[in-house]
Amino acid sequence: MSYITGPEVVSYACTCGLIKPLPKLYFCRHCSQIRCSFCVCSEVDSIFCGKCSENIPSAEATMKKNRCANCLICPSCQQELSTRIASKGPANPTDAKSPIKKTYYLSCYFCRWNSRDVGIPDQPSATGGWPQRDNVHSHRLQDVVDSYKQIMLSQKHKKEHDKKKKIGKFVSYTDRTGVTASALRKKIGIPDTPHALLKKPKMPEPAVASNDVDELPEHLITTPLNLMDITTVEQRLLQPESQPLTVDKLFPVRKQLSIKKSLRCRCCERNVSKPEFNPSSVKFKIQLFAYFHIPEVRIVSLSPLVEGVPSELILKFTNPTQHQTTITLLNLDLAEQENYVKELTVSEVAECLEHSLSLQSKQPGSLTSISVGSGSQPSSLLSLTPRQPSITVKPRKIEQHVNCDVEMPEGAFVLPPRDDAAEYDESSDVHNVEHDPKHVVWRKSNKAFIKLLVVPNANLQANQDVVCGFSMEHIYTNILVATMENKQPQKSHHRVRIFFNLGKITRE
Amino acid sequence: MSKNSIKIFPGAIVCEEAKLRGDITVGSGTIIHPCATIVAEAGPIIIGEQCLIEEQAKIVHRLPLDQQNKENTPVLIIGSHNVFEVGCTVEALKIGNNNVFEAKCFVGNKVTVTNGCTFGTGCVVTDEQILKENVSIFGAKCHMRESLDKPAPQTLQMETLVKLLPNYHHIRKPNCKH
Ligand SMILES: [Zn+2]
Ligand SMILES: [Zn+2]
Ligand SMILES: [Zn+2]
Ligand SMILES: [Zn+2]
């Protein structure tokens, strides 16, 4: 599929103003808006190992440093290692009946690395017990981690302490007069002791830079280099703690865990994509991909492009939904979008300013607010506003240069609903769409070919890509409202800007 | 091109649908699948014992341009226990024992293959070189590494094929004696 939709020939403008091909877009049914990877929130749904397909709870994953306890990958080529059986002779050679002793070693089917290459002894059990390499820096790392944990803890305490201070109903005399407790202490002559909880966390010993570097080993210059003994950069970075220089120090690495993520619309905080929990399943519980909701447009044919001369562009429109839709083609009108973005920004700035002003005036602690009445609440809590998402994405101006005019055809055309059975039914070629405008040149089931005239700008350079675009307005049938409230499906007009990269000018 | 002269030792399984051109000798225990292609263009090809040549594999004896027009006709000797997997193209000058040519790999006619080498899937090796023993070439960037031992022989697979292939294909009759 990606060979058809992959090259960015036809791209759609997301609500946020970014331009992406249709398969990379989502469609939020609740907002009836297109969303892209930039305007959705990603959340980790589950953590699993891609080899043994085991789900791992996030706490356990953190403890195991996001690596699988059972699976190992090849230090040479980063593919997964498999366990192989090597049978040694009977455990007791004199007794013919004694069972054959089995041992296990690790082997890579891809590059033929195996655990015997680096001298790891074979193991008596298949499930492992593979020797763990000790990290030489583990003490230092532990020190640093501990001190950061302390910082975290002390900051948490400080926050709680500050909160308590603010909530405190009794305004102390010192707060009013501006004489602090520490100032009072000094006056009386008691040593100023800082709060026990706000003690500065102990920092680890700083690392010391050293000038002493080993001398350049002579063999580097005198003996020829065998590249097969030296590790590659990838191999070294796979084991950052040891960074082996030669291949005989490559040891198996625990496999990193993978995640399944769900995506949430940032405006309504509802899922647009949610995978099934089972790690071995590739299906989705929710998949609101734009590909299933927005009519798909593909280029069928294009006559040679000459600057300033109209050429014929035939497009194929496909209705992916189970509902009939009507498509109207309109001018791109990028100026309108720009204005919309500007207005939105201005109104938002004003809102922000208002909000911060209202907060400032209600700042607790200041004398005015106390005199007015301690029962006052910030205005934002009193007015019941709908749940606002924590982060909103501001739409931006569509940054797409267009250098080719499109002559807009008059009249809308109808696309019948998708019918999977029609693909196999030769007789259903007859369609009952009447009054087709003349720019519809062919149609079959839910598809139609539309003829357009495009005129590349007269002053185009030979090596420039010719880009044209238009707005497509289609009727979107939202069945979500119908199923929730037992009503008729809600129909609405949805508009999306589509851009076409038509290639380069043909020169005689 | 000279007339086809195919010599097959007893115990070899050579399917009739395999395309064999030129002077080719097949050692005992070697299996040549249908639709494998072996072309002895520049001189005879001698294939050792217990080799496995799979479908769509191509073994071509074709000399580099600068070595053509020489008096003596070179012989391409392929050792024993080599595996030529589906769709590989091998034009190597000389092939030792226990080598594996994985699916769709390409070995050019300036390469000398010693023993125990593995050419990974899709790897293209064309530069003039004599490969060390037990070298494996793998990955999109044709990384090389040296192993301690040779790849494991495909004994089980070969035993199955010896039983299975004659049931479904016409087999060329051996025409040589030990
Ligand atoms: Zn977006
Ligand atoms: Zn695992
Ligand atoms: Zn490997
Ligand atoms: Zn939404």
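The values are calculated or read from the model by the stated rules, or taken from the named source; none is laboratory data. Here the structure is a predicted model, which is why all the values come from computation and not from measurement. Cβ coordinates were reconstructed from backbone atoms using ideal geometry, including for glycine residues, and neighbour counts include every protein chain displayed. Protein only, heavy atoms only, side chains kept; ligands, DNA and RNA dropped before computing areas. Shrake-Rupley method; radii C 1.70, N 1.55, O 1.52, S 1.80 Å.
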- Please find, within region A:247-257, the residue that is nearest to A:Leu81 (Cα to Cα) out of those that are part of a strand (DSSP E or B) and open to solvent by 40 Å² or more (accessible area, probe 1.4 Å). A:Arg254
- Task: Determine whether region B:88-103 contains at least one residue that is surrounded by fewer than 18 Cβ atoms within 10 Å (Cβ to Cβ), out of contact with any helix residue (DSSP H, G or I) (no Cβ under 7 Å at 6 or more places or on another chain) and within 18 Å of B:Cys51 (Cβ to Cβ).
- Result: yes
- Selection over region B:146-160 where residues are surrounded by 11 or more Cβ atoms within 10 Å (Cβ to Cβ), among the hydrophobic types (A, V, I, L, M, F, W, C) and at pLDDT 90 or above yields a count of 1
- Applying the selection to region B:55-66, what residues are in a loop (DSSP other than H, G, I, E, B) and open to solvent by less than 30 Å² (accessible area, probe 1.4 Å)? B:Ala57, B:Leu63, B:Pro64
- Message: Condition first: assigned to a loop (DSSP other than H, G, I, E, B) and farther than 25 Å from B:Glu102 by Cα. Now tell me which residues in region A:99-117 satisfy that.
- Response: A:Pro99
- Number of positions in region A:218-264 that are of a type in the set (Val, Ile, Thr) and away from chain B (no Cβ under 14 Å): 5
- Query: Tally time: how many residues in region A:263-282 are small (Gly, Ala, Ser) and more than 13 Å from A:Cys36 (Cα to Cα)?
  - Reply: 2
- Query: Condition test on B:Glu85, is it within 22 Å of B:Arg21 (Cβ to Cβ), within 14 Å of another protein chain (Cβ to nearest Cβ) and acidic (Asp, Glu)?
  - Reply: yes
- Inside region A:38-87, can you point out the residues that are without any contact (Cβ under 8 Å) to a residue 40 or more places away in the chain, hydroxyl-bearing (Ser, Thr, Tyr) and either away from every other protein chain (no Cβ under 14 Å) or open to solvent by 50 Å² or more (accessible area, probe 1.4 Å) (or both)? A:Ser58, A:Thr62, A:Ser87
- Test: residue in region B:68-79 that is open to solvent by less than 20 Å² (accessible area, probe 1.4 Å) and either on the phi > 0 side of the Ramachandran plot or assigned to a loop (DSSP other than H, G, I, E, B) (or both): yes
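The rows are residues; the columns are (1) more than 30 Å from A:Gln78 (Cβ to Cβ); (2) touching a residue at least 60 places away in the same chain (Cβ under 8 Å); (3) within 16 Å of ligand 2 (Cβ to nearest atom).
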{"position": "A:Val247", "(1), (2), (3)": "no, yes, no"}
{"position": "A:Gln256", "(1), (2), (3)": "no, yes, yes"}
{"position": "A:Leu263", "(1), (2), (3)": "no, yes, no"}
{"position": "A:Cys268", "(1), (2), (3)": "yes, yes, no"}
{"position": "A:Lys283", "(1), (2), (3)": "no, no, no"}
{"position": "A:Ile286", "(1), (2), (3)": "yes, no, no"}
{"position": "A:Phe292", "(1), (2), (3)": "yes, yes, no"}
{"position": "A:Val297", "(1), (2), (3)": "yes, yes, no"}
{"position": "A:Asn339", "(1), (2), (3)": "yes, no, no"}
- Query: Any residue at all in region A:172-191 that is more than 16 Å from ligand 3 (Cβ to nearest atom), among the aromatic types (Phe, Trp, Tyr) and at pLDDT below 85?
  - Reply: yes
- Report, ordered by the first and then the second residue, all pairs with beta carbons closer than 9 Å, sequence separation of six or more or different chains, a first member in region B:137-165 that is at the interface with chain A (Cβ under 7 Å from one of its Cβ atoms), and a second member that is open to solvent by 40 Å² or more (accessible area, probe 1.4 Å) and aliphatic (A, V, I, L, M). B:Phe138/B:Met144; B:Met144/A:Leu227; B:Arg145/A:Val247; B:Glu146/A:Val247
- Message: Conditions first: (1) outside any helix (DSSP H, G or I); (2) away from chain A (no Cβ under 14 Å); (3) in contact with a Gly (Cβ under 9 Å, 6 or more places away or on another chain). B:Lys173 passes all but one, so which condition is the exception?
- Response: (3)
- Could you please give the count of residues in region B:120-131 that are part of a loop (DSSP other than H, G, I, E, B) and more than 8 Å from chain A (Cβ to nearest Cβ)? 7
- Task: Kindly indicate whether B:Phe106 is of a type in the set (Phe, Trp, Tyr), surrounded by fewer than 21 Cβ atoms within 10 Å (Cβ to Cβ) and farther than 23 Å from A:Arg84 by Cα.
- Result: yes
- Verdict on A:Tyr26 being at pLDDT 90 or above, within 20 Å of the chain's Cα centre (by Cα) and more than 16 Å from ligand 4 (Cβ to nearest atom): no
- Query: Residues in region B:102-119 that are part of a strand (DSSP E or B) and of a type outside the set (Val, Ile, Thr): how many?
  - Reply: 2
- Complete set of residues in region A:201-232 that are β-branched (Val, Ile, Thr) and surrounded by fewer than 10 Cβ atoms within 10 Å (Cβ to Cβ): A:Val208, A:Val213, A:Ile221, A:Thr222, A:Thr223
